[in-house]
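Scroll down for the structure; my scribbles are underneath it.
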Amino acid sequence: MLEKLQQWRKPFNNGGKNLAIGPNLTACHSSYGRPDLLVYCCPPGFQTPVPFTDFKFPDPSPVRVRRPAHLLNESFIAKYNKALSIMKSLPYDDPRSFLRQANLHCQFCTGAYEMLNRSGSELNIHRTWMFFPWHRMMIYFHERILGSLIGDDTFALPFWAWDIPDGMTIPDFYVDESSPFFHSQRDFSHFPPRVADLDYSTDDNDPRFDGKEQTETNLAFMYNRMVSGAKKTELFMGCTYKAGDKNCDSPGTIESAPHNTLHTWIGSGLNPGREDMGKFYSAAKDPVFYAHHSNIDRLWEVWRDINDRKLDIDDSDWLNSFFLFYDENLNLVKIKVKDVLDITKLGYSYEEVDRPWLNHRPPP
């Protein structure tokens, strides 16, 4: 443990040759949730370094299979209900608690942390090539914590399959007011049977199309975001972001929309930034956030698959960038981007669903 504590003090950039990114967990401060709103989401006691362990791949079995949320049976929903209820009941000083889990998104997505050994350089994973791997890490540990709370090592988060017609409405159990999945800070006019608008903008009339036309528009839009508009790595993954960079501000196709647009579509129009889902600092307080990001994670795998892995990043600075998360055993774990590129090694998979948008190339 002493060795791990001392690692916080070692030079991070290796004489300027290593430009991998990592957070300084002892340098947390208030940040802006909106241009007009200063927020504070730092964890308690962050000023004191905490010993950490390096990430180790889990046992290869059992495999956690993530299923589409609209196909879940009552037995699974009850199990997830129990796990989430326990997580919400944990005290705030427990990093496994729901609010502490939610605040991870605030910390890393609003610039609350500084980069390690780069004082004054705020770390923000959005609108960069860190978007996909960081969120994969977050929901990986979140999923395992939920499973451990009910003693189920097969538990897997569902994914909201908003890219296929049958999944384009908010899954029903998230709008059950008697369950822990319900969240009051949402746009209730967008509850089922309203079909999600994957290219939603508050500047447009809402809804722009009826259900069937919206579905067809969504499929054509997904073709653009996954295929025609994502033929280069940087177009899909986002811009190159290395230690000390301040000018990387270019999200990939999926992050820009439908990721951002669905966050906005779900959030409440009664709040200035359509919180909670509408702003990064508050988004993960809504349980549907995790189903939304499970689908984002799945689509990363789908994009890699349809491109035969030929567009994968091999930059060592990206591969060696790291973050730290608490696991289900309350251990602080250092995990690198290169650790999360094979979901088979991470012990989970996605149930196969159709990709109807692949055949929806819009006419010229």
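The values are calculated or read from the model by the stated rules, or taken from the named source; none is laboratory data. The structure presented is a predicted model; accordingly, all values stated were derived computationally and were not measured. Heads up, the Cβs are rebuilt from the backbone with ideal geometry, glycines too, and the neighbour counts pull from every protein chain shown. In case anyone asks, the SASA skips ligands and DNA or RNA and just uses the protein heavy atoms, side chains included. Shrake-Rupley method; radii C 1.70, N 1.55, O 1.52, S 1.80 Å.
A few notes on this one:
- Subset tally (residues that are open to solvent by 30 Å² or more (accessible area, probe 1.4 Å) and in a loop (DSSP other than H, G, I, E, B)) for the range 184-202: 9
- Restricting the range 291-326 to residues that are of a type in the set (Phe, Trp, Tyr) and touching a strand residue (DSSP E or B) at 6+ places or on another chain (Cβ under 9 Å) leaves a set whose member that is farthest from residue 227 (Cα to Cα) is 326.
- Leading residue by the ranking (surrounded by the fewest Cβ atoms within 10 Å (Cβ to Cβ)) among those in the range 70-114 that are in contact with a Phe, Trp or Tyr (Cβ under 9 Å, 6 or more places away or on another chain) and of a type in the set (Lys, Arg): 88
- The set of residues in the range 176-200 that are of a type in the set (D, E, K, R) and either touching a residue at least 40 places away in the same chain (Cβ under 8 Å) or touching a strand residue (DSSP E or B) at 6+ places or on another chain (Cβ under 7 Å) (or both) comprises 186, 187, 197, 199.
- Residue among 25, 19 that is open to solvent by less than 80 Å² (accessible area, probe 1.4 Å) and assigned to a loop (DSSP other than H, G, I, E, B): 19
- Within the range 203-224, the only residue that satisfies the criterion of being in contact (Cβ under 8 Å) with a residue 40 or more places away in the chain and either more than 26 Å from the chain's Cα centre (by Cα) or open to solvent by 70 Å² or more (accessible area, probe 1.4 Å) (or both) is 216.
- The range 167-183, residues that are assigned to a helix (DSSP H, G or I) and among the aromatic types (Phe, Trp, Tyr): 173, 174
- Among all residues of the range 293-300, there is none that is more than 28 Å from residue 181 (Cα to Cα) and of a type outside the set (D, E, K, R).
- The range 327-340 residues that are at positive phi, paired with ones that are at pLDDT 95 or above and surrounded by fewer than 19 Cβ atoms within 10 Å (Cβ to Cβ) (beta carbon under 8 Å, 6 or more apart): 330/94
- Here residue 167 does not fit the description of being modelled with pLDDT of 95 or more, under 19 Å from residue 358 (Cα atoms) and touching a Leu at 6+ places or on another chain (Cβ under 7 Å).
Residue-by-condition table, conditions (1) small (Gly, Ala, Ser); (2) open to solvent by 10 Å² or more (accessible area, probe 1.4 Å); (3) touching a strand residue (DSSP E or B) at 6+ places or on another chain (Cβ under 6 Å):
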{"site": "117", "(1), (2), (3)": "no, yes, no"}
{"site": "125", "(1), (2), (3)": "no, no, no"}
{"site": "138", "(1), (2), (3)": "no, no, no"}
{"site": "145", "(1), (2), (3)": "no, no, no"}
{"site": "148", "(1), (2), (3)": "yes, yes, no"}
{"site": "162", "(1), (2), (3)": "no, no, no"}
{"site": "166", "(1), (2), (3)": "no, yes, no"}
{"site": "174", "(1), (2), (3)": "no, no, no"}
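- Subset of the range 64-88 (residues that are in contact with a Gly (Cβ under 9 Å, 6 or more places away or on another chain), among the hydrophobic types (A, V, I, L, M, F, W, C) and over 15 Å from residue 147 (Cβ atoms)): 69, 71
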